[in-house]
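One structure is given here, and the rest of the page talks about it.
Every number here is computed from the coordinates shown, using simple stated rules; none is lab data. This one's a predicted model, so the numbers in the text were calculated from it and none came from an experiment. FYI the Cβ positions are ideal-geometry reconstructions off the backbone, even for glycines, and counts take in every protein chain you see.
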Amino acid sequence: MNEYLRTAFSGWASVMLFAAGVPLPFLLRRTPRPTKPFLRRMSPHFWLGYLTLLVSFAHAWFSMSGGNMHGIDIPGVWIATVALLVIMGQVGIGLMLTNPAPPQRRALRRTHFWTMMLLAGLIVVHVVRNRP
């Protein structure tokens, strides 16, 4: 597969994984008569988060290792770099939330939510600035 397609597919796969993971906590929380504890029900959200990080890292690797940077918007690349770091932070916060009773759980959930909003904005700006 050529470099452009590998980069494009990994980038859009990352966006789709992120978009699929965002509504899951809200949908899983409202499950009528749940048979599993909440944190067990959240496992699809956890795995989508881990996959988002992995595929985003692969996207960054493919795009940077190609060496063909003609016509690329440099601020858009920096925004993507910040977004990748924010994804790593999101995974870290998410790992803290897998503990059933972390101290300050409410503050962690709020931080996780607002970081997700920041990440969504960074993704949109990156896609707009670096689309072909």
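Here are the numbers for this structure:
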read-out	value
Yes/no for V86 being in contact with a Phe, Trp or Tyr (Cβ under 7 Å, 6 or more places away or on another chain) and hydrophobic (A, V, I, L, M, F, W, C)	no
Looking only at segment 93-132, and only at residues there that are surrounded by 13 or more Cβ atoms within 10 Å (Cβ to Cβ) and polar (S, T, N, Q), the one that is farthest from Y4 (Cα to Cα)	T111
Sole residue being assigned to a helix (DSSP H, G or I), free of Cβ contacts under 8 Å to residues at least 12 places away in the same chain and either in contact with a Gly (Cβ under 6 Å, 6 or more places away or on another chain) or not β-branched (V, I, T) (or both), chosen from G49, G121, G89	G121
Enumeration of residues in segment 58-71 that are out of contact with any Lys or Arg (no Cβ under 9 Å at 6 or more places or on another chain) and either surrounded by fewer than 16 Cβ atoms within 10 Å (Cβ to Cβ) or free of Cβ contacts under 8 Å to residues at least 24 places away in the same chain (or both)	W61, M64, S65, G67, N68, M69, H70, G71
Qualifying positions in segment 17-46 - among the basic types (K, R), outside any helix (DSSP H, G or I) and exposed (fewer than 11 other Cβ atoms within 10 Å of the Cβ)	R30, R33
